Amino acid sequence: MYAMPQPVRRSSTAQTMSTSEKTRIVGTAVPRKEGVDKLLGRARYLDDIEREGMWYGATVRSSIPRGLIRSIGFDRRIDWTEFTVVTVADIPGRNHIQLINADQPVLADGMVNHCEEAIVLLAHPDKHKLREAVDAVNVEYEPLMPVLTIEESERQETIVWGADNILKSFLLEKGDVDAAWAQAAHIVEGEYRTGAQEHLYIENNGVIAEWSEGNGITVWGSLQCPYYVHKSLLAVLDLPEDKVRAIQTETGGAFGGKEDYPSTLASHAALLAMKSGHVVKMTYDRMEDLAATTKRHPSRVRHRTALDGDGKLLAMDIEVATDGGAYTTLSSTVLSRATLHSPGPYVCPNVRVSSKAWATNTVPYGAFRGFGAPQAIFAIERHMDEIAAAIGMDPVEVRRRNFLHDGDTTATEQVMREPVILDKLLDRALTESDYYERQKRFAQENQTRAVKRGLGIAAFYHGAGFTGSGERYLNSLAGIDVTPEGRVRVLVANTEFGQGTNTILSQIAAESIGIDYDDVEMAPVDTNVVPNSGPTVASRTSMVVGKLIERAGLQLVGTLRERAGLREEFTREEFFAACERLREEDGAVISLCRYEAPAGIFWDDQKYRGEAYPAFAWSVQVAQVAVDTTTYSAEVEEFWSVQEVGRVLHPVLAGGQIEGGIAQGIGYALYEKVVWKDGRMANNQMTNYIMPTAEDVPPIHVYFEEIPCRFGGFGAKGIGELPHDGPAPAILNGIRDAIGVGFNAIPLLPEDLFAQLVTQESKAEVSAV
Amino acid sequence: MSEHLANSSAGISFIVNGEKRTVAAHGMKRLLDVLREDLHLTGTKEGCGEGECGSCSVRMNGELVNSCLVPVLQAEGATIETVEGLGRAEALHPIQKAFLECGGAQCGICTPGMLMATAQLLAVNPHPTIGEIREGLAGNLCRCTGFKRIFDSVAAVVVEMDATAKTGGAHAG
């Protein structure tokens, strides 16, 4: 447990804004902090760590989607005295993972609610003996009727969660939607669906746990949020705060997939370590990771939209439904973000969004880059093209006529106080892609070719940071210290998993203090060493945590000036000499800052009204798509992405975030299909769950428009999730442009294209394209 | 389990990163596990265990192989190169340097395999076109970058190696 150092010195020096100042380090392409270790292959990921006398853990899982556990038998062909066996009876504390609702058991207690639910844990010193042992645990069930789809759940004939299968619901209302239909020149309706998506981080989930009476439990893991793990372990093991410690190891990709799941895996490994008395490592192989861990929520969004004769929005009636799986995990907050992003970046006087997350008997869905926004934005941005077709207007023009501008209000009646430059982003996207010229050329060529090309567009925002009051509740604490060895350390619980946390926070620290990037390092992400600066999620690191580090740096320099004789202008040597003078007095050199909610920001959790996010990142994307009408395959040939994400802290890392998000978005649209069979993922292998390869990702052109944001570290807003929001609708809009047929569901694989086109052709309803 | 495979007291010998190594391992043990467990060369990663992701790529006798698909008995007498043999902290290999500068590595877990695939590509074809780079790296999955900066990295290595060749310099590895 992190112990708050005393005294915490606060400087009285006024904190100045530095977002518009010229910077030395911020905005430059310094080398990635942990880059050399990664390139030499010496970065230590969880499975690279071996400990003397270490045991290995494995999990016995449910083979049915729903049922009562009648008995658990242990086959006599195994010598069970060699094993440590943990069941629900061995849990010293609460049998619930501590997330939003404490409804998800650590181990099944008499009942299972999804396939692959953990029932029994095994540990043995020889990992090769575990597979046979797992197969030798015989669980007998009394199967119950499962609910496997949104539609089955909303029928409420079989109740599998709570009183009504509803994990969470929201109702957002602005104006009077019902009164608007009578005045409408056009009413356009549509239904849009998205499938589950796998994170497919290349490093699977893994945890090592060590127990001792004196120190309690320590876990090392590939994880995003050490304090989430800490919180669950406290409850599950019934330990005091100073007997639980969570440490992040180098993490090989996460994308949200290591936000909530590590709390479960860490609990499992900890239980085995406590009972066996040995250090226990649990790592999943790819098949187990794909089958048993979280995925992106499937969704169904219905739009009914009223427009006037000029194509301006009069009313939007939106119904959002997500499949949450068997337990709540993060479904409430995912639904919240889906709700808040469902009206798109448009101004409309009358909006109603009714949203529900439905429980089903599938593996619980969890956090995944975009967190509900990609689902909602797929629907609204596909719908805008259907509106354009219905009213006979250019899809670009429909969007332009309805864009939010400075001073407009969103569906939650949040006033756009910061500059909104959607028109500029759109113009740049059209210019860079040579949109109209290409479109004209394709229309000509498509008349005689089997491969038909088209261009599709998507415009969207992504709210940066936690939704509504989230950041206030988090109340993050972060800071900077200086070690006696003369190293400046960034103290945060925010984790590096490829996106560049280590690098950008070191840049911000160095810049705000006025020292070199090489003088800064990251303190280990260890709950005994770093304060709780909140989870590494929600595109909040650059903006929210970055701002705390910027403030901590300025505060440290202010303290050194006030109390240790640091001059206005100082050299590196003078800075460290001043630090040592302060250390003599205080015993430590440390500067911590706590989150301060921006003034004038108000959010009403009950009415779902007010400032949903402190800032929005904005983007317009264009996809060039080719559809082969003989093979029914669609591919993306070129992609343009223009965005405003505040200040760009590091051009190479920022570009990498955008490109990587677009590649995942292309996979979401055209490649990545989770195939379900009786509630279980049937294609839980990289052989048949297909992500885009080096040959599938097209040339991607990335452009930034920079407007420093006053709430973010050196003006940065969130960037990580934004690029994943737009590709799917842009690509399907491109397909519509190419062949004149609108597809409303993703993933859209060749067999899906084939099915719909052939059905339509057989009905002779396809107009000549 | 067949007796002659299990009997590894004689050991299996091969050259790893220029050094002769002998391991006492079951002949069907995966080369990946021998590298990681017996030789503690943990730079080579397991991503899928079925030859799809390429994270475990190493060079064996001048070919790129997925070490998760190679039983170690096939490596008897072979010459193997892993990421650990590519460069050192004080003297990064040009491929490592380019990936560092161009943003070719993000989370880093696919990186060792991607570096070995790049080394193989450039050994066979020192001046690849963008199409040849795409094809050469298509067996190595990266979930972070969208590949663009990996292609940039490979292109930068070509430029760097050409410049070095012209000035008569030589790089280790």
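The values are calculated or read from the model by the stated rules, or taken from the named source; none is laboratory data. Source: prediction; values computed, not measured. In this analysis, Cβ positions are derived from the backbone assuming ideal geometry, glycine residues included, and neighbour counts consider all displayed protein chains.
In the stretch A:711-744, which residue that is small (Gly, Ala, Ser) and not in a helix (DSSP H, G or I) is nearest to A:GLU191 (Cα to Cα)? Looking at residues that are small (Gly, Ala, Ser) and not in a helix (DSSP H, G or I), I get A:GLY742.
Taking the stretch B:48-68 as the range and being within 7 Å of another protein chain (Cβ to nearest Cβ), touching a residue at least 60 places away in the same chain (Cβ under 8 Å) and farther than 13 Å from B:ALA117 by Cβ as the test, only B:GLU52 passes. Screening A:ALA552, A:ALA493, A:ALA538 for residues that are touching a residue at least 60 places away in the same chain (Cβ under 8 Å), under 20 Å from A:GLU596 (Cβ atoms), buried (at least 24 other Cβ atoms within 10 Å of the Cβ) and touching a Pro at 6+ places or on another chain (Cβ under 8 Å) leaves exactly one candidate, A:ALA493.
For the stretch B:91-131, the set of residues classified as in contact (Cβ under 8 Å) with a residue 60 or more places away in the chain, at the interface with another protein chain (Cβ under 10 Å from one of its Cβ atoms) and in a helix (DSSP H, G or I) consists of B:ILE95, B:LYS97, B:ALA98, B:PRO112, B:GLY113, B:MET114, B:ALA117, listed by residue number. Is it true that A:ALA269 is at negative phi and not in a loop (DSSP other than H, G, I, E, B)? Yes; evaluated as a whole, the condition is true for this residue. Cβ contacts < 7 Å: first residue of a type outside the set (Phe, Trp, Tyr), restricted to the stretch A:563-574; second residue surrounded by fewer than 12 Cβ atoms within 10 Å (Cβ to Cβ) and assigned to a loop (DSSP other than H, G, I, E, B), any location; separation 6+ or different chain. Result? Hits for this filter: A:GLU574/A:ARG567.
Restricting attention to the stretch A:242-257, and to residues there that are assigned to a strand (DSSP E or B) and buried (at least 24 other Cβ atoms within 10 Å of the Cβ), which single residue is nearest to the other protein chains (Cβ to nearest Cβ)? Going through the qualifying residues, I end up with A:GLN248.
Scanning the stretch B:51-101 for residues that are surrounded by fewer than 20 Cβ atoms within 10 Å (Cβ to Cβ) and either of a type in the set (Phe, Trp, Tyr) or at positive phi (or both) gives B:GLY51, B:ASN61, B:GLY62, B:GLY77. A Cβ distance below 6 Å, combined with a sequence gap of six or more or placement on separate chains, defines the contacts here; from the stretch B:133-154, residues that are outside any helix (DSSP H, G or I) reach residues that are among the charged types (D, E, K, R) in the pairs B:ALA138/A:GLU695; B:GLY146/A:GLU659. For A:LEU223, the conditions (1) among the hydrophobic types (A, V, I, L, M, F, W, C); (2) part of a strand (DSSP E or B); (3) within 14 Å of another protein chain (Cβ to nearest Cβ) are fulfilled apart from (2). Checked against (1) buried (at least 24 other Cβ atoms within 10 Å of the Cβ); (2) in contact with a Ser or Thr (Cβ under 9 Å, 6 or more places away or on another chain), A:LEU753 passes all but a single condition, namely (1).
In the stretch A:700-719, the condition of being surrounded by 22 or more Cβ atoms within 10 Å (Cβ to Cβ), within 12 Å of chain B (Cβ to nearest Cβ) and without any contact (Cβ under 8 Å) to a residue 24 or more places away in the chain is met by no residue. Listed by first and then second residue, the pairs with beta-carbon distance under 6 Å, at least 6 apart or on different chains, first residue in the stretch A:219-240 and closer than 21 Å to A:GLY366 by Cβ, second acidic (Asp, Glu) and not in a helix (DSSP H, G or I), are A:SER222/A:GLU203; A:GLN224/A:GLU259; A:CYS225/A:GLU259. Scanning the stretch A:448-469 for residues that are part of a loop (DSSP other than H, G, I, E, B) and modelled with pLDDT under 95 turns up A:GLY465, A:PHE466, A:THR467, A:GLY468, A:SER469.
Here's the yes/no breakdown for (1) closer than 30 Å to A:TYR613 by Cβ; (2) not hydroxyl-bearing (Ser, Thr, Tyr):
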| residue | (1), (2) |
| --- | --- |
| A:ALA509 | yes, yes |
| A:GLY514 | no, yes |
| A:MET522 | yes, yes |
| A:VAL525 | yes, yes |
| A:THR536 | yes, no |
| A:VAL557 | no, yes |
| A:LEU566 | no, yes |
| A:GLU569 | no, yes |
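Residues that are over 22 Å from A:ALA326 (Cα atoms) and assigned to a loop (DSSP other than H, G, I, E, B) within the stretch A:344-394 comprise A:GLY344, A:PRO345, A:VAL347, A:CYS348, A:PRO349, A:GLY392, A:MET393, A:ASP394, listed in sequence order.
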